[in-house]
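The next block holds one structure in the form of structure tokens; read it before the comments.
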Amino acid sequence: MASAYAVPSVSIVRPAPGVAGVLRRADRRTAAELHPAERELADALNGARRRDFVAGRHAAADAMRLLGRSGPVLRDGPRPRFPPGVHGSVSHCQGGAAAALAGVGPRIAGVGVDVERLGRLNPRTARLVLTPRERAGLLREPADAALLTVAFSAKEAAYKALCGLAAERDLVFHSVEIRVLGARLHIEAAHGLLPPEHRIAGQAHFDGPYVWTTVLVTADRVQAGERAAAARTG
């Protein structure tokens, strides 16, 4: 279970060893406080895109700092490029919230984060995003409508976690199915999306008007190799 704590504008989660997530809300930090290489990228943007970029990079810097890492988060097209040895993901949404998730270590194969305002998905639009099985599980009662936003966010985060592992596949909303089990997210990926001996799982975090989800892809083969090495030397 993730540990979490909140201060007036920042929430932090530690979904797993070697992984840290940060949500920043109504951030007043500016581009001047970013790494020079990040400031150069920010200067090429205007308006809301610039604000989102700056907030996201500050959240990313916070997440890496929790892991003892530093360095600019640059870009590969639309995707953030974290420093070598760090898997990372950034998200932002209307209202000035930005979230970042960073992970280090041989077992971390992919990470994804997404932040949304509650109500982002409603029962009328859910059919465009959710599979019939997901809708049947999430729309049992009107009170469950908020879980639609959780499922939508989890799909976005899962897409980010998987995109580097399934570059040859076109990922769509129905590429994964989500079950919301309290704060835990059970994620089932379509056949062939996950490499052998990899697992995907996630968590949901509620913070005022926001829900943010964190998704990890972990390499079980590393754990199996470590157990085998321990058995040989034990």
Point to revise | Residue of V129, V22, V90 that the Gaussian network model of the chain assigns the largest fluctuation, springs spanning Cα pairs under 10 Å | key: V129
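So between V172 and R28, what do we pick up on full extension, going 0.36 nm a residue minus the alpha carbon distance?
48.4 nm
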Check your understanding: Along each of its three principal axes, how wide is the spread of alpha-carbon positions in the range 77-122, in whole angstrom units, largest first?
Key -> 38, 21, 16
Review point. Using a simple spin-label model with points 7 Å from Cα along the Cα→Cβ vector, what separation in nm is obtained for R75 and A44?
Key: 0.6 nm
Revision key, fill the gap. Per-residue Cβ contact counts at 10 Å, fewest first, order T131, T214, T30 as T30, T131, T214
Check your understanding: Which is farthest toward the positive dipole end of the chain among F173, A157, V22, measuring Cα position about the Cα centre, with Cβ charges +1 (Lys, Arg) and -1 (Asp, Glu)?
Key -> V22
Exercise for review: Could you check which residue among G85, G208, G119 shows the biggest mean-square fluctuation in a GNM of the chain with a 10 Å Cα cutoff?
Suggested key: G208
Review point. Among G202, G47, G56, which one moves the most in a GNM of the chain with springs linking Cα atoms closer than 10 Å?
Key: G47
Exercise for review: Using a cut-off of under 20 Å, list every residue of the range 96-124 whose amide N is near the label point 7 Å from the Cα of R135 along the Cα-to-beta-carbon line.
Suggested key: 119-124
Revision key, fill the gap. In terms of the charge dipole of the range 3-233, which places +1 on Lys and Arg and -1 on Asp and Glu at the beta carbon, the residue among A55, P84, A42 farthest towards the positive end is A55
Check your understanding: Each residue of the range 95-100 in turn: what ³J(HN,Hα) in whole Hz from Karplus with 6.51, -1.76, 1.60 and θ = phi - 60°, glycine and Pro shown as x?
Key -> x, x, 8, 9, 10, 9
Practice item. Taking all pairs of distinct Cα atoms, average 1/r, flip it, and tell me the Kirkwood hydrodynamic radius of the range 52-132 in Å to one decimal place. Key: 14.0 Å
Revision key, fill the gap. Given unit charges at Cβ for Lys, Arg (+) and Asp, Glu (-), the dipole magnitude of the range 1-101 about its Cα centre in debye, nearest 20, is 100 debye
Revision key, fill the gap. Proxy exposure order for D52, D43, D170 (fewest C-beta within 10 Å first) is D170, D43, D52
**Study point:** Electrostatic dipole magnitude of the chain [Cβ: Lys, Arg +1; Asp, Glu -1; Cα centre; debye, to 20]
**Key:** 160 debye
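Every read-out reported here was derived from the displayed coordinates using simple, explicitly stated rules and does not represent laboratory data. What you see is a predicted model, and the numbers here were worked out from it, not measured in a lab. Neighbour counts run over all protein chains shown; Cβ positions are idealised from the backbone, glycine included.
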